[in-house]
1. Let me spell it out: the conditions are (1) crowded, with 23+ Cβ neighbours inside 10 Å; (2) within 14 Å of chain B (Cβ to nearest Cβ); (3) closer than 25 Å to A:Ala291 by Cα, and A:Ala207 meets all of them except one. Which number is the exception?
2. Residues A:Thr18, A:Thr36: which one is in a helix (DSSP H, G or I), β-branched (Val, Ile, Thr) and at pLDDT below 85?
3. Go through segment A:258-306 and count every residue that is away from chain B (no Cβ under 14 Å), aliphatic (A, V, I, L, M) and more than 27 Å from A:Val248 (Cβ to Cβ).
4. What about B:Ala296, is it over 29 Å from B:Phe96 (Cα atoms) and surrounded by fewer than 18 Cβ atoms within 10 Å (Cβ to Cβ)?
5. Among the residues of segment B:53-89, write down those that are within 13 Å of another protein chain (Cβ to nearest Cβ), without any contact (Cβ under 8 Å) to a residue 40 or more places away in the chain and surrounded by 13 or more Cβ atoms within 10 Å (Cβ to Cβ).
6. Name, by its number, the condition in (1) within 14 Å of another protein chain (Cβ to nearest Cβ); (2) buried (at least 16 other Cβ atoms within 10 Å of the Cβ); (3) farther than 17 Å from B:Ala102 by Cβ that does not hold for B:Gln161.
7. Kindly indicate the residue of segment B:90-106 that is part of a loop (DSSP other than H, G, I, E, B) and facing another protein chain (nearest Cβ under 7 Å) and also nearest to A:Arg205 (Cα to Cα) among those meeting that condition.
8. Looking only at segment A:145-172, count every residue that is under 18 Å from A:Gly258 (Cβ atoms) and among the β-branched types (Val, Ile, Thr) and tell me the total.
Amino acid sequence: MLSFVRGKLLVSLLVLLTVSLVGFALLHLSGDLAATLAGENASAEQIEEIRRSMGLDRSLLAQYASWLTGAARGDLGTSFFTRETVFSLFMARIGTTAILAVCALVVALTISLPLGMLAALRPNSWLDRLVSSLALSGQALPSFFLALMMVSIFGVTLRWLPVSGSSTPLHYIMPIVVLAVGAIPALMRLTRSGVMEVLEQDYIRTARSKGIPTARIMLNHAMRNAILPIISLSAVQLGTLLGGSVIVESVFAIDGIGLLTYRSIQRGDFPVVQAMLMFVSAAYIVLTLLADILNAWLDPRLRQKR
Amino acid sequence: MSPLLDIEGLRIDIPGHAGLLRAIRGISFSIGEGESFAIVGESGCGKSLTAMSVLGLLPRSAVLSAETMSWKNQDMRMFGRRQWSHLHGLGIAAIFQEPMTALNPVLPIGDQMIESFLHHRLGNRRAALSRAGELLERVGVVPVERRLRQYPHEMSGGLRQRVMIAMALMCRPNLMIADEPTTALDVTTQVEILALLKELQADTGMALMLITHDLGVVAHVADRMAVMYAGEIVETGSVASVLTRPAHPYTSALLSCLPTRGQPLIPIPGVVPALIGELQGCIFRNRCGFAMPDCASQVPEREVAPGHAYRCLLARDDSGSTTDSSAAPLEAFQ
């Protein structure tokens with residue numbers, strides 16, 4: 001198990017390095033950062049001055065090397081605009097986004113696992129059809145539309161929930177619902193198809209022939225096998241959610257990672273963008289690794305392959 | 001004494017796109033305490049479906065009807081969820097064809113073995129584990145301590161089938177259904193597993209319902225047998241009688257399909273007819289060398305000897321058999 005994790009970690013580090021290099025190159029090749037920073041009415045000298053003071057006149061490789069040495073020491077630089085360290089900008093927002101992401105995933109799993117299981121137990125029943133059409137409409141509904149409809153109904157008309165900010169737990173309800181609705185369809189479909197496939201297996205027939213009741217067969221035999229791909233998908237979805245949703249954060253005026261990244265890209269705030277890129281890829285890598293470890297713990301066959 | 005399991009006129013229909021598939025058409029058999037009974041037939045003849053109906057594990061779409069279907073004189077068709085759950089494991093246990101897939105890959109075999117014992121409240125976890133240990137020892141899966149913690153993929157097919165057998169015995173069932181228990185195993189392992197089944201049956205006094213396509217297996221293990229063809233039982237009787245004096249042309253044909261050294265195999269010509277729509281007369285007539293016009297309308301049941309019955313127009317007397325070349329001494333199968 002330890003060598004399994006060690007191998008995975010090594011690959012993860014290489015992936016992170018590659019992402020940082022490609023991201024760095026793309027950001028620098030996408031336009032003249034100094035010109036963007038100087039603003040529209042800046043003179044050529046001002047632009048040159050900025051280029052020199054920011055170190056943007058050096059070769060791309062030299063710039064990458066200095067960024068990398070800084071990053072390795074935990075120094076991700078400071079924002080070109082706010083002069084705050086990237087780290088403090090990030091820390092001020094990650095809490096909000098993480099709460100939204102984790103709650104949304106928990107809500108999505110709480111809804112999609114039981115419904116997917118019930119649908120798989122009775123294929124083509126009314127419940128199965130209801131679940132399938134719910135998944136379809138969830139997938140077809142754009143999140144900005146759902147967010148705006150919720151604001152207009154529960155925020156403006158009924159006045160049940162606050163519509164903007166993140167100061168009280170009540171503020172989180174609508175954003176969590178919108179994010180969860182986005183995650184539910186894929187999870188529910190995967191649960192349904194996974195459980196249906198597992199229920200066809202010989203070992204389920206064996207369990208039935210032993211007189212084990214359906215509920216126990218579902219949890220102890222079927223879900224133990226069907227949960228493996230669901231764990232992997234949940235990891236990917238949590239990664240996406242942790243990157244922040246620009247739409248949800250904009251509509252509900254939540255100052256999170258998504259908006260920070262969006263604004264930084266718009267104004268060419270390179271250190272912040274690069275740091276967010278690294279954060280999102282690191283989040284994906286760590287979550288996928290955790291999912292792999294969890295799966296290997298649940299499925300002895302995966303453990304032995306290493 | 002009344003039999004353990006008594007089935008009369010069992011029918012199973014499966015609705016499908018092409019029409020109603022009449023998979024099982026009025027078969028009858030019974031199994032007494034401690035008896036071993038084999039159902040033999042080609043794949044698709046309905047023998048596994050028969051086993052599944054006794055286990056109450058038919059596919060949801062299948063429609064079952066029967067004149068009698070009783071377990072210890074209780075009508076199985078009236079069984080509710082609780083009674084089935086009680087019957088499974090405690091009354092009837094089963095082992096299946098594919099030991100590779102019949103065990104849950106993510107649970108240690110110990111957990112799988114004690115599951116039904118605990119569910120049926122036969123004792124606590126410690127008692128369950130000690131019984132599982134005894135049984136593994138008995139079926140030769142040792143060292144027990146290590147095996148209980150192992151997962152199915154860490155064992156060979158033969159070992160897994162032994163585990164399945166031990167697991168089936170956990171709750172001391174009255175009847176074990178073995179659906180092609182040795183088909184997926186290599187020949188030496190087959191012989192060992194059959195010998196083991198026979199021994200265990202002698203030890204425990206349980207009855208055995210063996211489903212197989214292999215007449216050699218039948219000769220090895222069973223007391224009585226039924227030959228199934230296309231959803232019907234065409235011949236039934238004691239193994240000794242049926243194998244040495246086959247009365248139905250299909251049974252004779254099956255026997256001549258057995259490989260004998262230096263002689264070419266004689267395959268049965270033709271294919272099993274589709275079992276859709278109204279079926280009349282003898283279902284084997286399109287492949288039968290003795291077929292006559294009347295075969296399309298009537299199939300009487302005749303007796304060769306007491307307890308040895310067959311369904312055919314051809315009359316057999318007690319001394320002869322259909323095709324003399326196929327009659328073989330019983331030892332030839334063992």
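The values are calculated or read from the model by the stated rules, or taken from the named source; none is laboratory data. Keep in mind that this is a model prediction, so the values were computed, not measured. A quick note on method: Cβ atoms are made from the backbone with ideal geometry, for glycine too, and the neighbour counts reach across all protein chains shown.
1. Tallying (1) crowded, with 23+ Cβ neighbours inside 10 Å; (2) within 14 Å of chain B (Cβ to nearest Cβ); (3) closer than 25 Å to A:Ala291 by Cα, A:Ala207 fails exactly one: (3).
2. Values: A:Thr18 fails: at pLDDT below 85.
Testing whether each residue is in a helix (DSSP H, G or I), β-branched (Val, Ile, Thr) and at pLDDT below 85 leaves just A:Thr36.
3. Of segment A:258-306, the ones away from chain B (no Cβ under 14 Å) are A:258-293, A:306.
Okay, now just the ones that are also aliphatic (A, V, I, L, M), so A:259-260, A:265, A:272-273, A:275-278, A:280, A:282-283, A:285-287, A:289-291, A:293.
Narrowing the set further to residues that are more than 27 Å from A:Val248 (Cβ to Cβ) leaves A:293.
Adding up the residues that qualify gives 1.
4. Against the criterion (over 29 Å from B:Phe96 (Cα atoms) and surrounded by fewer than 18 Cβ atoms within 10 Å (Cβ to Cβ)), B:Ala296 qualifies.
5. B:Gly56, B:Leu57, B:Phe79, B:Gln83, B:Trp84, B:Ser85, B:His86, B:Leu87, B:His88
6. Of everything listed in (1) within 14 Å of another protein chain (Cβ to nearest Cβ); (2) buried (at least 16 other Cβ atoms within 10 Å of the Cβ); (3) farther than 17 Å from B:Ala102 by Cβ, B:Gln161 misses just condition (3).
7. Residues of segment B:90-106 that are part of a loop (DSSP other than H, G, I, E, B), as a first pass: B:91, B:96-106.
Among the residues that remain, those that are also facing another protein chain (nearest Cβ under 7 Å) are: B:96, B:98, B:101-106.
Numbers: B:Phe96: 9, B:Glu98: 12, B:Thr101: 10, B:Ala102: 8, B:Leu103: 10, B:Asn104: 10, B:Pro105: 14, B:Val106: 16 Å.
Per the stated criteria, the residue is B:Ala102.
8. 2
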